[in-house]
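One structure is given below, encoded as structure tokens.
The values are calculated or read from the model by the stated rules, or taken from the named source; none is laboratory data. Only a predicted model underlies this, so the values are computations on that prediction, with no experimental measurement involved. We place every Cβ from the backbone using ideal geometry, glycine too, and count neighbours over all the protein chains shown. Keep in mind that these areas ignore ligands, DNA and RNA; they rest on the heavy atoms of the full protein, side chains included. Shrake-Rupley method; radii C 1.70, N 1.55, O 1.52, S 1.80 Å.
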Amino acid sequence: MQQSHLKVREIKLSNAEFLPEIVKLMDEGHTVTLRLRGFSMRPFLEDNRDKALMTKATNPKVGDPVLAEIEPKHFVLHRIIAIDGDNVTLRGDGNLGNEYCTLGDVKGAVIGFYRKGRTTLDRTDGWKWRTYSFFWTRLYPIRRYLLAFYRRIWLKLFNSGT
């Protein structure tokens, strides 16, 4: 049996170039798996470690993690914290401030996450994600201190970061 030796080449694109193509794929009905970049969903999700399985957003609700375009070609993967008519308020789990868009700017809905190199999906409708979400969203008033502890102590002790 003949083996072909394929040379794999990795290229990096900016989110402004790459994510509009991902949105097109989701609009065509495809699901996509996207490696996460950034720290806005800490402590549950880490930069360049975890992946999100997404599909086109059809009926976004408060509490859902979504891919949204908050400015032209500027995308974030954050949780919806409020919907008022057509206006959507977003906040990353690792963020203290809010970002805003409209319902039409919500491009992708997260089905689940592949965390810590695992091949099993932590579904956003599963007990694990719902339990985490329930507690973490209610800790908003003290989140600043929890995130500081996580960054300054937890990551250094357990090397669970990037």
- Message: Along the Cα→Cβ direction, 7 angstrom out, place labels at Thr31 and Asn59. What is the inter-label distance in nm?
- Response: 1.8 nm
- Accessible area (Å², 1.4 Å probe, nearest 10) - Asp84: 120 Å²
- Mind listing the long-range amide H neighbours of Thr124? Cut-off is under 5 Å, sequence gap 5 or more, other chains count too, H placed in the peptide plane at 1.01 Å from N. Gly112, Phe113
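Of Ile153, Ile80, which has the most accessible area with a 1.4 Å probe, and how do the rest follow in descending order?
Working: Ile153 75, Ile80 0 Å².
Highest to lowest solvent-accessible surface, that is Ile153, Ile80.
What's the longest bit of the chain with no exposed GluC sites (Glu not before Pro), using DSSP loop states and at most 10 other Cβ atoms within 10 Å as the test?
On the way: sites that count: Glu10, Glu28.
Counting at most 10 other Cβ atoms within 10 Å as exposed, the longest clean stretch of the chain is 29-162.
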- Message: Mean-square fluctuation check for the chain, GNM, Cα pairs under 10 Å: which of Ala82, Ala52, Ala148 is largest?
- Response: Ala148
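What number of lysine-lysine pairs in the chain show an alpha-carbon separation below 14 angstrom, given a sequence spacing of 8 or more or placement on distinct chains? Walk me through the numbers before you get to the answer.
Working: Lys24/Lys56; Lys24/Lys73; Lys24/Lys107; Lys51/Lys116; Lys56/Lys107; Lys61/Lys107; Lys73/Lys107.
Pairs that pass both the separation and distance tests number 7.
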- Message: Based on DSSP loop calls and a cut-off of at most 16 other Cβ atoms within 10 Å, the longest stretch of the chain free of exposed trypsin sites (Lys or Arg not before Pro) is what?
- Response: 119-162
- What list of whole percents do you get for P(r) of the chain, with Cα-Cα distances grouped in 10 Å bins up to the one holding the largest distance? 10, 36, 36, 13, 4, 1, 0
- Note on the structure: One finds, for Trp127 and Arg9 with R0 = 30 angstrom and r their Cβ-Cβ distance, a FRET efficiency to the nearest 0.05 of 0.15
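Between Glu21 and Trp154, what is the FRET efficiency for a Förster distance of 30 Å, r being their Cβ-Cβ separation, to the nearest 0.05? Could the numbers behind the result be given before it?
Details: r = 35 Å, r/R0 = 1.18.
After rounding to 0.05, the efficiency reads 0.25.
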- Note on the structure: Contour minus Cα-Cα span, Asp84 to Arg144, at 0.36 nm per residue, comes to 19.0 nm
